[in-house]
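The structure appears right after this line, and notes come after that.
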Amino acid sequence: MASPQTPLKIRPVLTSTNWQGLWTLYAKEVHRYLKIFGQTLLAPIITTLLFLTVFGVAFGGGRTVNGLPYVEFLAPGLLMMTILQNAFANTSTSLIQQKLNENIVDTLMPPLSPMELTIGFVMSGATRGLMVAIGVGVSLSFVVPIEIHNIGAVVFYAVGAALMMGSMGMMTGIWAEKFDHVSTITNFIILPLSFLSGTFFPITRFPETMQMISHYNPFFYLIDGLRFGFTGQTDGAIEIGAIVVVAVNIVLWATCYVMFKTGYKIKD
């Protein structure tokens with residue numbers, strides 16, 4: 001008599017995830033920048049307030065942009081720029097430091113899958129970006145009358161930006177071989193894209209060619225979406241912006257996963 005077939009045992013993804021290891025990696029990365037909170041959290045707040053003061057004095061004085069007082073138009077752009085720069089800086093700096101100190105093996109040896117490594121690093125970078133954004137937002141609220149027009153848009157674009165730049169910083173940290181490479185990405189890609197995407201003035205001030213190019217810049221949709229969340233004003237289509245943010249994040253996360261999976265420049 002034939003014995004009954006043994007049912008297949010499928011191990012769910014959630015139970016196979018090393019949650020303790022993932023949490024440990026995330027907590028380690030968060031603790032790393034909280035130890036120097038003066039540099040990682042307080043300095044961006046001071047820098048943002050300086051930007052607001054300088055540009056508010058230079059271009060304020062009762063001027064309006066799209067019907068808004070200039071400082072109210074400027075504040076969401078500065079807030080988004082803070083998220084972009086700090087989320088990127090966290091993951092890129094962490095990985096390049098580990099590579100230069102030759103202790104990247106301490107990250108690769110624990111039983112963490114490429115996806116778990118990707119999630120741990122990206123989420124820690126996103127956390128720093130959002131923590132700084134909260135501090136900057138509270139500070140700005142004392143000098144700028146900030147109101148929230150759409151809380152869903154604020155959360156979506158802030159979190160989307162933090163995850164995007166955490167991923168981009170992770171890619172840069174894996175690719176870079178020295179701090180000069182990280183600085184090159186920051187100075188020649190991150191800063192130009194953020195400065196020329198509507199942070200300080202609407203892109204309608206650009207010539208038509210530059211306006212068209214701006215619509216291929218994902219930073220434009222991040223800044224425009226966050227500004228819509230606070231003011232209700234927008235230079236682009238919010239629906240298209242949401243699609244772009246989701247699509248870019250998927251591509252960047254997949255790229256980070258592949259880089260860890262193949263050991264690109266970290267397992268040599």
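The values are calculated or read from the model by the stated rules, or taken from the named source; none is laboratory data. Treat the numbers as computed from the prediction; the structure is a model and nothing was measured. Note that each Cβ is placed from the backbone with ideal geometry, even for glycine, and that neighbours are counted across all protein chains shown.
Residues of region 13-66 being of a type in the set (Gly, Ala, Ser) and out of contact with any helix residue (DSSP H, G or I) (no Cβ under 7 Å at 6 or more places or on another chain), which ones?
Restricting attention to region 13-66, the residues satisfying the condition of being of a type in the set (Gly, Ala, Ser) are 16, 21, 27, 38, 43, 56, 58, 60-62.
Result: 16, 27, 38, 43, 58, 61, 62.
At least 1 residues that are in contact with a strand residue (DSSP E or B) (Cβ under 9 Å, 6 or more places away or on another chain) in each: list the helices (runs of 4 or more DSSP H) lying fully within region 148-242 that qualify.
On the way: elements: 151-175, 179-185, 191-194, 208-214, 218-231.
In region 148-242, 218-231 are the helices (runs of 4 or more DSSP H) which contain 1 or more residues that are in contact with a strand residue (DSSP E or B) (Cβ under 9 Å, 6 or more places away or on another chain).
Return yes or no: is residue 197 surrounded by 21 or more Cβ atoms within 10 Å (Cβ to Cβ), among the polar types (S, T, N, Q) and either more than 20 Å from the chain's Cα centre (by Cα) or within 25 Å of residue 130 (Cβ to Cβ) (or both)?
yes
Among the numbered criteria (1) of a type in the set (Asp, Glu); (2) at positive phi; (3) touching a helix residue (DSSP H, G or I) at 6+ places or on another chain (Cβ under 9 Å), which one does residue 102 miss?
Among (1) of a type in the set (Asp, Glu); (2) at positive phi; (3) touching a helix residue (DSSP H, G or I) at 6+ places or on another chain (Cβ under 9 Å), residue 102 violates only (3).
Could you tell me whether residue 109 is closer than 22 Å to residue 125 by Cβ, modelled with pLDDT of 85 or more and touching a helix residue (DSSP H, G or I) at 6+ places or on another chain (Cβ under 6 Å)?
Details: closer than 22 Å to residue 125 by Cβ: yes; modelled with pLDDT of 85 or more: yes; touching a helix residue (DSSP H, G or I) at 6+ places or on another chain (Cβ under 6 Å): no.
In short, no.
Which numbered condition trips up residue 144, out of (1) in contact with a Leu (Cβ under 8 Å, 6 or more places away or on another chain); (2) touching a residue at least 40 places away in the same chain (Cβ under 8 Å); (3) surrounded by fewer than 22 Cβ atoms within 10 Å (Cβ to Cβ); (4) in a helix (DSSP H, G or I)?
Condition not satisfied by residue 144: (4).
Going by the structure shown, is residue 56 at pLDDT 90 or above, of a type outside the set (A, V, I, L, M, F, W, C), over 30 Å from residue 263 (Cβ atoms) and in a helix (DSSP H, G or I)? It would help to see each step written out before you state the result.
Numbers: at pLDDT 90 or above: no; of a type outside the set (A, V, I, L, M, F, W, C): yes; over 30 Å from residue 263 (Cβ atoms): yes; in a helix (DSSP H, G or I): yes.
Spelling it out, it is not the case that residue 56 is at pLDDT 90 or above, of a type outside the set (A, V, I, L, M, F, W, C), over 30 Å from residue 263 (Cβ atoms) and in a helix (DSSP H, G or I).
Taking residue 42 and the conditions (1) of a type outside the set (Lys, Arg); (2) in a helix (DSSP H, G or I); (3) modelled with pLDDT under 85, which numbered condition does it fall short on, given that it satisfies the others?
Checking residue 42 against (1) of a type outside the set (Lys, Arg); (2) in a helix (DSSP H, G or I); (3) modelled with pLDDT under 85, the one that fails is (3).
Go through region 30-58 and give me each residue that's more than 23 Å from the chain's Cα centre (by Cα) and without any contact (Cβ under 8 Å) to a residue 24 or more places away in the chain.
53, 54, 56, 57, 58
Name, by its number, the condition in (1) exposed (fewer than 13 other Cβ atoms within 10 Å of the Cβ); (2) in contact (Cβ under 8 Å) with a residue 12 or more places away in the chain that does not hold for residue 238.
Only one criterion is unmet by residue 238, namely (1).
Of the residues that make up region 155-165, is at least one on the phi > 0 side of the Ramachandran plot, surrounded by 22 or more Cβ atoms within 10 Å (Cβ to Cβ) and touching a helix residue (DSSP H, G or I) at 6+ places or on another chain (Cβ under 9 Å)?
There is no residue in region 155-165 that is on the phi > 0 side of the Ramachandran plot, surrounded by 22 or more Cβ atoms within 10 Å (Cβ to Cβ) and touching a helix residue (DSSP H, G or I) at 6+ places or on another chain (Cβ under 9 Å).
For residue 46, are the conditions met, namely being surrounded by 19 or more Cβ atoms within 10 Å (Cβ to Cβ) and within 18 Å of residue 129 (Cβ to Cβ)? It would help to see each step written out before you state the result.
Numbers: surrounded by 19 or more Cβ atoms within 10 Å (Cβ to Cβ): no; within 18 Å of residue 129 (Cβ to Cβ): yes.
So residue 46 does not fit the description; no.
Residue by residue through region 191-215, note down the ones that are under 19 Å from residue 158 (Cα atoms) and hydroxyl-bearing (Ser, Thr, Tyr).
Those that are under 19 Å from residue 158 (Cα atoms) and hydroxyl-bearing (Ser, Thr, Tyr): 194, 197, 199.
Yes/no per residue for (1) hydroxyl-bearing (Ser, Thr, Tyr); (2) under 21 Å from the mean Cα position of the chain (by Cα); (3) modelled with pLDDT under 85; (4) surrounded by 16 or more Cβ atoms within 10 Å (Cβ to Cβ):
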residue: 14; (1), (2), (3), (4): no, no, yes, no
residue: 20; (1), (2), (3), (4): no, no, no, no
residue: 28; (1), (2), (3), (4): no, yes, no, no
residue: 75; (1), (2), (3), (4): no, yes, no, yes
residue: 90; (1), (2), (3), (4): no, yes, no, yes
residue: 95; (1), (2), (3), (4): no, yes, no, yes
residue: 105; (1), (2), (3), (4): no, no, no, no
